[in-house]
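Every number here is computed from the coordinates shown, using simple stated rules; none is lab data. In this text the structure is predicted, and so the values were computed from the model without any measurement.
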């Protein structure tokens, strides 16, 4: 079952990134718009049919440091009719120097925080060897 999206839930999940977190961005974005960040974790948000409650349906990662924006990744999630799969997106922007391993671990931690969202079929492992700069 998907977990409800709220600003306190977002803030707690974003805090799992620790020192890698660049900014808190709890505002929901239209999935067709650019977010202005190049690397981080994103939350695909949808509404529960009967209650209209916002829920986290998907957690993913995007690394567009070479060029582009995180939105280039989350805009790839489309239904058969070409419409975005999510009604909104929230981003957790991470530091430019984040490694791919750290990015994956943050994605896994955030995904597990939200109870393994239903559209996230696989989440990365959340463990790994710590490095000198981060408590991952």
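A few notes on this one:
- Most mobile of 106, 39, 98 in a GNM of the chain (Cα contacts under 10 Å): 98
- With Cα atoms, 0 to 90° folded angle of helix 100-113 axis to the chain main axis: 50 degrees
- Choice from 31, 93, 124 showing the highest fluctuation, given a GNM over the chain with Cα pairs closer than 10 Å: 124
- Sequence-separation-based contact order of the chain, relative, with Cα cut under 8 Å and 6+ spacing, percent: 32 percent
- Taking only alpha carbon atoms, segment 1-74 gives an Rg to Rh ratio of 0.97, where Rh is the Kirkwood radius.
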